[in-house]
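Please read the structure below before turning to the comments.
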Amino acid sequence: MVARLHLAPESGQIWLDGKRMFMLHLSAFGALRRELIESLGIDRARGLLTRMGYLAGSKDAELVNSVRKDSSVYDAFSIGPQLHALEGVVRVEPVIVDVDVARGRFYTEFLWWGSIEDEAHTADYGVAADPVCWMQIGYASGYSSAFFGRRVIYREVECGAMGHEACRIIGKPVDDWPGVQEDLRYFDAQPFANRKIISLGAQNAATPSHFEQAPAVENLHKSRFKGRQLIGISAAFNSVCHMIDRVADTTAPVLLLGETGVGKEIFAQTLHAVSPRAERPFVAINCAAIPESLVETDLFGVEKGAFTGATISRPGRFELADTGSLFLDEIGCLSLAAQGKLLRVVQEGEVERVGGTKSCHLDVRIIAATNIDLELAVAKGNFRQDLLFRLNIFPIAIPPLRERREDIPILADYFLRRYCEIHKRHRTGFTERALDALLSYDWPGNVREVENVVERAIILSAEGGAMDIGHLPAAVAAGVGLPRPTTNQSAGLPTTRGSMQPGFTSSTPGVAHDQHVPDMSAVNHEGAPGSITASSLQAAIEHHRGNLSAVARALGVTRPRVAYQAKKLGMESLLRRRT
């Protein structure tokens, strides 16, 4: 990757594989970090730095994905730690790397040496009581999630700022961590992100409206379209969440803008659920589905005898939503006549039923949504400008999925778990080729298309297996070639043998050294350090007379792994660090 780093001092620019970079003094970073902590508090500062790191890790994964055309996902995975070193953040040393994308297995341990966050924190606050490498934890989580295709969370179990020799991190899928809610709260810009709605207003009057962290396997409602949740981690997604939080406690109309499939209705439900109206009705209507002749009666209600067939009086959607929220989806599809009738209600806050003689004052919060350019529609004479002025008080633009690719892995993981539960199927995950296709596709149908593609793949694939590229639609699979070979010398990427081998321990950024380490996927770590028993370690040390390298080769693990276990078991003095 060093070959892809370009310095252009004459223009004051630094480029890494076509992506603009910049350098920052560690003291300046430390000052920024200190000010964040002192102005926002330690929790909010940690969350901000964690999300910033997650975004950087996702971007580096995107960079690697674009250049690893002849490399397996395992070979490419090793580039992330090299990039971290190349960018001057930390030197990474692998201890265990047990990754099998197709079987849904992910367990890694790394050592971090020379962390910039350790140095910045100790310079300002001295020895820490808790781990402080927040930005780097975010980076590792974002990078690994993009490669594994499922949400991966890292924890820092030892930290240099706490007095340890190095930082030690462990990475596992989110479902494999106990008490993971404590970790996830730092990745979400708002508390309602990545949580499901348990109830929504008067639709379930017995239960207050609130959010709950979604469990690994959801207790789904009978309808396959219920129990959905707002999913995302990208900066663009978090920006929308911030906008929702700012406007939620007001009565201002909100206009949700975005392409079809971006999830405008789920954002509308979330806005209602975090507002003071949360326990009041949430009424949704698709304006494109209302026949022109029924618009007035559907929205405003009808009195008995108003016309032939009106045998009973019934309220309209506005009355049903009184004291709550009314969601008008696809509002750009209303006719000009219907728009005029809607304008009067929005302006006056009063509704008169068809055939009625008196107006009824209502307290309704309007949330409208459209996937068309309303200003262009106004210019063409298809939408009333005065209605646009009334609805456009607080517009929120929801970006398409191609502009927030960091959300693709966790969306795919969410729909995988959701539809495996709905259809009573078991799938381990996606193969390397399928994952590559998901990350490379532009998703014109956005989140709805991801949902459909994942459900289709679950149905087509074999029970207990992984979903391959052949289970994806042709449009998604297009451009993905044959299985990637295990080397990539021509592209300048590090070469490994077999499956994922931790061979990137050089202190020189971008330089890989093959340490002849056995395939770590064969190590049975059983979810934690401890597969090396005290008896086997002692026997190996005695047989090889304390030679650290020889002991590591005999046990089939890395030197850092042996050193860590020896220290843990009180045998560190028996080792000789000789190569």
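Below is a table of values for the structure above.
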| quantity | calculated |
| --- | --- |
| Charge dipole (debye, nearest 20) of region 2-184; +1 at Cβ of Lys and Arg, -1 at Cβ of Asp and Glu | 580 debye |
| Dipole-positive endmost among ALA321, LEU271, ASN392 within region 246-399 (Cβ charges, Cα centre) | ALA321 |
| Net length gained if the chain between LEU569 and ASN286 were fully extended (0.36 nm per residue, minus Cα distance) | 95.4 nm |
| Extension reserve of the PHE29-GLU352 stretch, reckoned as 0.36 nm per residue once the Cα distance is removed | 110.2 nm |
| Cβ-defined net charge surrounding ALA268, 13 Å radius [Lys, Arg +1; Asp, Glu -1] | +1 |
| For region 532-574, with +1 on Lys and Arg beta carbons and -1 on Asp and Glu, the positive-most of THR558, GLY570, LEU537 along the dipole | THR558 |
| Region 532-574 - Kirkwood radius from inverse mean 1/r over Cα pairs (Å) | 9.7 Å |
| Dipole moment magnitude, nearest 20 debye, region 1-66 about Cα centre, only Lys, Arg, Asp, Glu C-beta charged | 120 debye |
| Counted charge near ILE290, where neighbours are those whose Cβ lies closer than 14 Å (Asp, Glu -1; Lys, Arg +1) | -3 |
| Cβ-based exposure ranking for PHE383, PHE22, in which fewest neighbours within 10 Å come first | PHE22, PHE383 |
| Cβ charges +1 (Lys, Arg) and -1 (Asp, Glu), total dipole of region 532-574, debye | 140 debye |
| Region 246-399: relative contact order in percent, alpha carbon pairs under 8 Å with at least 6 residues between | 36 percent |
| Nitroxide proxy distance, nm - points 7 Å out along Cα→Cβ at ASN382 and ILE312 | 3.8 nm |
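Each reported figure results from applying straightforward, stated rules to the coordinates on display, with no laboratory input. A quick note: this is a predicted structure, and the numbers were derived from the prediction, not measured. In this analysis, Cβ positions are derived from the backbone assuming ideal geometry, glycine residues included, and neighbour counts consider all displayed protein chains.
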